[in-house]
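First comes the structure, then the notes that go with it.
The values are calculated or read from the model by the stated rules, or taken from the named source; none is laboratory data. Remember, it's a predicted structure, so these values are computed and weren't measured experimentally. Cβ placement follows ideal geometry from the backbone for every residue including glycine, while neighbour counts extend to all protein chains displayed. Accessible surface areas use protein heavy atoms only, side chains included; no ligands, DNA or RNA. Shrake-Rupley method; radii C 1.70, N 1.55, O 1.52, S 1.80 Å.
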Amino acid sequence: MASEKVETVVAGNYVEMEREEGDSKSARSKLSNFFWHGGSVYDAWFSCASNQVAQVLLTLPYSFSQLGMLSGILFQLFYGLMGSWTAYLISLLYVEYRTRKEREKVDFRNHVIQWFEVLDGLLGKHWRNIGLFFNCTFLLFGSVIQLIACASNIYYINDNLDKRTWTYIFGACCATTVFIPSFHNYRIWSFLGLIMTSYTAWYLTIASLLHGQADGVKHSGPTKMVLYFTGATNILYTFGGHAVTVEIMHAMWKPQKFKMIYLFATLYVLTLTLPSASAVYWAFGDLLLTHSNALSLLPRTGFRDTAVILMLIHQFITFGFACTPLYFVWEKLIGVHETKSVFKRALARLPVVIPIWFLAIIFPFFGPINSTVGSLLVTFTVYIIPSLAHMITFAPASARENAVERPPSFLGGWAGMYSMNIFVVAWVLIVGFGFGGWASMLNFIQQIDTFGLFTKCYQCPHKP
């Protein structure tokens, strides 16, 4: 009975808001609503699955060449489950924060709750500042990676322009995401995005199997510890894409239903990443060590060009996913977040895109930059901070007693939950941040030494 009461509190204002907006709309705009305005469980699943794997799909075979087949498969399964666990923790903390605030009659009608605000409300300003720094920095570089990936992919269709020039062009294209107000409005894009990544994953799988093994192919990984931990950290990055979990939850009509969505999204994503990475690595082996984009090794066909175009569109969508929380933070900073004019908010958001554009031109290292961001930022943003925050929030006996969501009995109650959290913090701190940070930074520095900053065309074949 108590949980039903809480559920009403959590969803209350949000459902009312939807009804108020919906009732006044004409029949014509119902079609627009169907494509544009989503807040169901299915919308959240599409958003999570679509956002979780984008350009990283093309770099996972590169990680397999560093790790070897067995380690590559095991790390995907392991980090997939670990990522789902910390997304579950974030959802619990969001529901806890929102319930407490709505009991105090706080109205979130024109306000999008973000992760740093959850930390602030539950743990205070120091946690807010730490969360804000890591989350914003990760999302900034996540957007940079999408921009780099756009240039890397389009080059395989049109190499008349170098990758740096393509980065200029796609930076301007991606800037149009300032006009998308919130995650409510990604309904059709999330759906299409998932179809695009599904096509690309199965294209990579089937094309590699039909191509067969390259002449004299070798599968020597793992050979070096540096490469091994660089590859492992790229997989950590792959399944650590839930820095936008809170914003996706807030876009739901009933956020408390989010709990298992990320796990189901991850299970679907594994059906894309495991076959594609395994097949490409089987076909090309050690060649992938110098070809971080899997598309570069497959012969040019209509199917490959389709995959490139679909990935370009998907990277535009994922750029919007990564950048939208940054837009919200910036809006709140300059005081326009609750402005109803979409045009005013779009103009205010434009300065956020400029540093992303600039960083994509400085560090165009498609592949190695994923591992670096994974080890230095993803480790804290989506693994360590949520686990520590959950443990500290519920450390007092009174907080555990009055918790909105209690731990499921099959986990062993609070003791089981704390044990899981301690394991996640220890593992990610030592393996992800420690060994992963060391390996990915060495690899990143090697790319700078080999190609230089502002390199015009990273890993491009030399033209005669």
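General remarks:
- Largest first, the residues His211, His390 sort by 1.4 Å accessible area into His211, His390.
- The simple Förster model, with R0 at 35 Å and r as the Cβ-Cβ distance, assigns Val342 and Ile392 a FRET efficiency of 0.35.
- Label sites at Phe108 and Phe264, each approximated as a point 7 angstrom past Cα along Cα to Cβ, lie 2.1 nm apart.
- Mean Kyte hydropathy of -0.5 or more with a Cα span along the axis of at least 27 Å, helices from DSSP in the chain: 69-103, 125-154, 187-211, 261-284, 302-334, 342-362
- Among the cysteines of the chain, Cys48, Cys136, Cys150, Cys173, Cys174, Cys323 have no other cysteine beta carbon within less than 4.7 Å of their own.
- If the segment from Ile430 to Ile309 were pulled out straight at 0.36 nm per residue, it would be longer than the present Cα-Cα gap by 39.7 nm.
- For the chain, dividing the convex hull volume of the Cα atoms by the residue count gives 149 Å³ per residue.
- Alpha-carbon centroid distance for the pair segment 38-58 / segment 302-316, whole angstrom: 17 Å
- Taking 0.36 nm per residue of separation and subtracting the Cα-Cα distance, full extension of the segment from Leu77 to Asp215 would add 46.6 nm.
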